Each structure stands twice: as structure tokens, then as C-alpha cells.
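Taking it in order: structure first as C-alpha cells, then the write-up.
The values are calculated or read from the model by the stated rules, or taken from the named source; none is laboratory data. Please read these numbers as outputs of a predicted model, since none were measured by experiment. Here the Cβ is made from the backbone with ideal geometry for all residues, glycine too, and neighbour counts use every protein chain on show. In case anyone asks, the SASA skips ligands and DNA or RNA and just uses the protein heavy atoms, side chains included. Shrake-Rupley method; radii C 1.70, N 1.55, O 1.52, S 1.80 Å.
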Amino acid sequence: MRKQIALLLVLLLVVMLYPHFTQAQGSSYAVIDAKTGRLLAGSGEHVQLPIASLTKMWTAVVVAQEVDLKEYAKISPNATSQEGSSIYLKNGEETPVDFLLYGLMLRSGNDAAVALAEHAGGSVVGFVKLMNEKAKIMGLNNTYFQNPSGLHNEEHLSTAYDTALMLKIAMDNKALEPILTASYYKGNGKHWENKHKLVRLDSTAIAGKTGFTKAAGRTLATYFKDGDEEVIVVTLNQSNDWQMHQQLAQNAFSQYDRVQVVEKGLYDLPGGMVIKTEKPVYVLKSKKDQVTHLVVLNRKKSLQKVARWEVQINGKTILSQKVHIERIE
């Protein structure tokens, strides 16, 4: 059965967005819908700050996109000489990429970060270039990397909101998900526990990453899941971060409900057109939120076989999907 829905037809427009970069000191946080990336709550969420080892979430994303996780990486003297946290790699050893990723995410090994960067990017410099290129492509508009580990650099900055998106993108990667959600790792002669204690102890905290440098302070990212509702919390330079994450997640779960805004099937549009949607769409919605829909068509009638369906909340697009158009003569 075809469903009727009031949709606003708009012509296809290309809009160039120029992000605004700022320098700031202090602390910030962001809470986002883990499925759509919509900001649910925050303070200073778009202010650039150091993120320390939360950087490693993006390192993992780039590695997973560039190489097979079953490949072997040769450990260089550069990797074994890294300062800070380490998984104690040995120079010259051939080491599985997935093992290095466990060491990167659970134990925050800076030696693992460099070993992965050199393997996936040819060099640390080449890998950092990839990190920044992919950040722009994937919507991290206020982020700039200088290294794969998060060791302090004045120009190595991101925001609470962008960092939350990093964890969302990482969790969307099926190859990375088992690594990101692991409370413990046992293999290759190692037995590690995840430094993120909420992932080990809180049943709703299913993934995350810790970080710390003197310049950044404590940084923390956590992916929470309560039934069908999923949110990501990021805090930058917050001393009481464990408790704050749990409280922010609890607030989000109590204020928002997961609701279906698009059904799979056929929708009639004005002008004798029919839209076919391939899958249902769900969002987190509060009682005050107003949901609207737009169908974005190409100006040329001959190209109106595919359109974009946008779901908006309070006037802002939170997600879009391609839909097929059929005309009834």
C-alpha cells in the first residue's frame, strides 16, 4: 500500500560550506545520536582543543580503510622509540595489523600508532596526510592532525563534536567494531584489559577511548547503548569524566526516544511521482522536536530517476538517503 506524506520539493542546490576555526582553552563536551551524528547536548562542542589519544580512533579508521587487518607490519626503530604509553613492540618483528589495533585502542600504544601509520601510509608523514584528507571528506570540519598518536602539537586540534563523529565513523566500520568493543584482549602472548573502565564495568558503555596529556588534560570518548537507543559522549579536559559520561548518557536516554520517521515502501508525491524507499529510518527525538521531510530533485526532468530524501529536525538536516523516483503517466 502506498503511503501519503506531505513533502516539500526543492531543486538540487550545491552549497559550499567554509568551516570557522578557532583557538580556545578550557573544557568542552558533546553528546550525539550515534546513528545520525546529530548533536543532542553540548558546551563548547565546536571549539578546537587538544584531544590527546582520542586521536587514535581516527588512526584506526584510516588503517582499516587502507589495509587488510590480517596483514603483517614490520616494526621500525622509529616505532619502538616513541615516548609515552607503549605495548613494547620489538624492532624488526612482523606483527599482525589487528594485534596492533588492539594495542592501539585498548592500551593506547604510541608505538602501535606509529607502526600502523608507517605500514598503512608508507611513512608517518604520508599517513598524517591521509588522516587529514579523510577528515575533510568525512565531515570533521574543525579537525587537524599532526601525528597518529595524539602526542601534543600546537596545531594538532579537534573539537568535542568532531571527536564524537570519529567514534561514530569507527563504530560504523564492521572490521573495527570487535576491537573497539573489546573489554579484554588475549593473544600473541599478551593479556590486556581496556583502559576505558566504563567499557569493562558499565553494561551500557560498549566502546570508547581514553586520553591524557598535560596540555589536553583528561579526554574521554564513550559509546553508550541502552536498548535501541545509542549515543556517544565526548569530554575534553574534564577531571570528573567517568561520572560525567554516565550522567550525560543517562540524561540523553531519558530525554530522547528512538522513533521511526521513514517506512520502507512507496510514497506518492505531487506531479504523478512515486518514491520508493529501501529501508526504514529511525532517529532519536525529544517531545519538543519537530520532524520535517524534504525530497531534493535534480532540476532536469530527465535526471529525476533518483532523488535525495532528507529528514530534518527543527529545520536542520540530520540524515539523508537516496531514493528512486517513478513517474505515473
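The table below gives the values:
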{"quantity": "From V311, V281, residue being at pLDDT 85 or above, in contact with a His (Cβ under 8 Å, 6 or more places away or on another chain) and of a type in the set (A, V, I, L, M)", "calculated": "V311"}
{"quantity": "Unmet requirement for K186, which otherwise passes all of (1) closer than 21 Å to A34 by Cα; (2) open to solvent by 80 Å² or more (accessible area, probe 1.4 Å)", "calculated": "(1)"}
{"quantity": "Criterion: of a type in the set (S, T, Y), surrounded by fewer than 16 Cβ atoms within 10 Å (Cβ to Cβ) and in contact with a helix residue (DSSP H, G or I) (Cβ under 8 Å, 6 or more places away or on another chain) - qualifying residue of Y102, Y72", "calculated": "Y72"}
{"quantity": "From the options K195, K209, residue that is open to solvent by 30 Å² or more (accessible area, probe 1.4 Å) and either assigned to a loop (DSSP other than H, G, I, E, B) or of a type in the set (K, R) (or both)", "calculated": "K195"}
{"quantity": "Pair list, Cβ < 6 Å and 6+ apart or interchain, from segment 278-302 residues that are of a type in the set (S, T, Y) to residues that are assigned to a loop (DSSP other than H, G, I, E, B) and open to solvent by 10 Å² or more (accessible area, probe 1.4 Å)", "calculated": "S286/Y256"}
{"quantity": "Residue that is surrounded by the fewest Cβ atoms within 10 Å (Cβ to Cβ), among those in segment 212-259 that are among the acidic types (D, E) and either in contact (Cβ under 8 Å) with a residue 40 or more places away in the chain or in a helix (DSSP H, G or I) (or both)", "calculated": "D228"}
{"quantity": "Subset tally (residues that are open to solvent by 10 Å² or more (accessible area, probe 1.4 Å) and either in contact with a Phe, Trp or Tyr (Cβ under 7 Å, 6 or more places away or on another chain) or among the hydrophobic types (A, V, I, L, M, F, W, C) (or both)) for segment 158-171", "calculated": "3"}
{"quantity": "Pairs with Cβ under 7 Å, 6+ apart, first in segment 168-182 and within 16 Å of R38 (Cα to Cα), second modelled with pLDDT of 95 or more and open to solvent by 50 Å² or more (accessible area, probe 1.4 Å)", "calculated": "I169/M138; M171/E177"}
{"quantity": "Residue in segment 142-157 that is farther than 22 Å from S81 by Cβ, open to solvent by less than 20 Å² (accessible area, probe 1.4 Å) and either polar (S, T, N, Q) or within 15 Å of the chain's Cα centre (by Cα) (or both) present", "calculated": "yes"}
{"quantity": "Identity of the residue in segment 37-57, assigned to a strand (DSSP E or B) and of a type in the set (G, A, S), that ends up surrounded by the most Cβ atoms within 10 Å (Cβ to Cβ)", "calculated": "G42"}
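Conditions tested, residue by residue: (1) open to solvent by 30 Å² or more (accessible area, probe 1.4 Å); (2) at pLDDT below 95; (3) within 21 Å of H156 (Cβ to Cβ).
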position: N91; (1), (2), (3): yes, no, no
position: D98; (1), (2), (3): yes, no, no
position: L106; (1), (2), (3): no, no, no
position: V114; (1), (2), (3): no, no, yes
position: V128; (1), (2), (3): no, no, yes
